[in-house]
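So the structure is just underneath, and the comments pick up after that.
No lab work stands behind these numbers, since they all come straight from the coordinates. Since we're looking at a predicted model, the values are computed, not measured. FYI the Cβ positions are ideal-geometry reconstructions off the backbone, even for glycines, and counts take in every protein chain you see.
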Amino acid sequence: MKKTPFYPKHLAAGAKMHPFAGYEMPIEYSGIKNEHLTVRNGVGVFDVSHMGEIWVKGENALHFLQKITTNNVAVLEVGQAQYTCMPNEKGGIVDDLLVYYFEPDKYMLVVNASNIEKDYNWMVSNNDMGVEIENSSDEIAQLAIQGPKATGVLQKLTDVDLSSIRFYTFTVGGFAGIENVIISATGYTGAGGFELYFRNEDAAKIWDAIFEAGKDEGILPVGLGARDTLRLEMGYCLYGNDINDTTTPLEGSLGWITKFDAKDFIAKDILLKQKEEGLKRRLRAFKLLDRGIPRHGYEITDGNGDPIGEVTSGTMSPVLNIGIGMGYIKTGHTKFGSEVFIKVRKKLLRAEVVKLPFIK
């Protein structure tokens, strides 16, 4: 198993470690609910160094990204980031990712940890434009500092005006005495905050500086357990659960990042046909009306107990204190306000199809 540069810090903080995407990663430290609420109300730090960073460079970099992703990369200005996905030849999702626009002919793609090799190989196999594709995942560490108090804590450590970094923008500057740190605001929690990208050798210094700066604010390290409950309260997709190689962006309610009118891209014709013919299923959010906790793989039924879908993600919301989840549901049962049922063991628990996010 691989280890991030923060592995010794996790052990020292008493983290429960578990294999994830080929890495030994912290699942929790002080408890998932406590860490979750700390991020919602204060500030927490996630080690997300397992994520992948792939550079795309060259005079055809934009054209290449337009071809392999569904969103319109051409609208980006330098210093902006974009959420998008890469479709495969059948319209399924190779991965969902972020595109960072650094300068003309230079982009950084941030991809899911479990898909780094797959994504890189997919990009190389579709590179008929002579662009440079560089996988720097093993050289770059990343921390996500999230929560309403994150700005105040991090501002102590940089001359960069963090209030000027709007949602889905980034800059490069000095941080905690380290130069050329990428500071972005994309988030995966809905609680506000920033992501920092830097060299592995600077990891310990930056970690220590952040926790020293945040000690009066009750800063805590946060594991992947709370990262999952936080993203689910916002309705953000998790690759491998809510989307994968067999789900299309349209089925996954990602039509908003699928720009048919702006460009051509891989499997555009297949996805356009699916849009015109209509979807047979769609990813929808639901909240339980009965007491219980939905889990990945649970069956979704109609009132007669007939299967109409399957839960892809589910948990007990630490903020709402009710069961919430997402799942693929057959068309005809996807209207907001529709009543569906989640099969938990042999019981059918009432649930309502709702709009995202679960919390505002």
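Here are a few things to note about the model shown:
- Charges were assigned to the Cβ only: +1 to each Lys and Arg, -1 to each Asp and Glu. The resulting dipole of the range 280-354 about its Cα centre is roughly 100 debye.
- Amide H contacts of T169 (H built 1.01 Å from N, under 5 Å, at least 5 apart or other chain): A81, A185
- Here the Karplus relation 6.51 cos²θ - 1.76 cosθ + 1.60, evaluated at θ = phi - 60°, turns the backbone of the range 135-150 into coupling constants of 8, 9, 4, 7, 9, 10, 9, 9, 10, 10, 9, 10, x, x, 9, 4 Hz, with x for every Gly and Pro.
- When its C-alpha radius of gyration is set against 2.2 N^0.38 Å (N residues), the range 129-169 gives a value of 1.69.
- Over the chain: helical MRE at 222 nm, DSSP H runs n ≥ 4 each giving -39500 (n - 2.57), nearest 500: -5500 deg cm²/dmol
- Longest stretch of the chain clear of exposed loop sites (GluC sites (Glu not before Pro), DSSP loop, at most 15 other Cβ atoms within 10 Å, sites excluded): 90-360.
- Sparsely packed chymotrypsin sites (Phe, Trp or Tyr not before Pro) within the range 258-360, loop by DSSP, other Cβ within 10 Å at most 15: F260, F336
- Computed FRET value (nearest 0.05) for N88 with D208, which takes r as the C-beta separation and R₀ as 35 Å: 0.25
- P(r) tail fraction, the chain - alpha-carbon pairs more than 26 Å apart, %: 52
- Relative to the Cα centre, the charge distribution of the chain, modelled as +1 at Lys and Arg Cβ and -1 at Asp and Glu Cβ, gives a dipole magnitude of about 1700 debye.
- Under 5 Å from the amide H of Y23 lie the amide H atoms of K2, each residue being 5 or more positions distant or on a separate chain, with H modelled from the backbone and absent for Pro and chain starts.
- Alpha carbon Rg of the range 161-295, scaled by the compact-globule rule 2.2 N^0.38 Å: 1.40
- The range 275-331 versus the range 82-152: alpha-carbon centroid distance in Å: 29
- Using a simple spin-label model with pseudo-atoms 7 Å out from Cα toward Cβ, D290 and K346 lie 1.3 nm apart.
- In loop segments of the range 259-335 as defined by DSSP, the trypsin sites (Lys or Arg not before Pro) with at most 11 further C-beta atoms inside 10 Å of their C-beta are K280, R291, K335.
- Dmax and Rg, reported as Rg then Dmax, of the range 1-126 (C-alpha, Å): 17.3, 48
- Less than 5 angstrom separates the built amide H of T312 from those of G297, M326, G327, Y328, all sequence-distant by 5 or more or on a different chain.
- Distance violations [Cα-Cα > 31 Å] among K3/K259; K90/K330; K275/K355; K149/K343; K3/K346: K3/K259; K149/K343; K3/K346
- Three principal axis lengths of the range 96-177 [C-alpha, angstrom, descending]: 45, 29, 24
- Measuring spread by the Cα atoms of the range 280-354 yields a radius of gyration and Dmax of 10.7, 33 Å.
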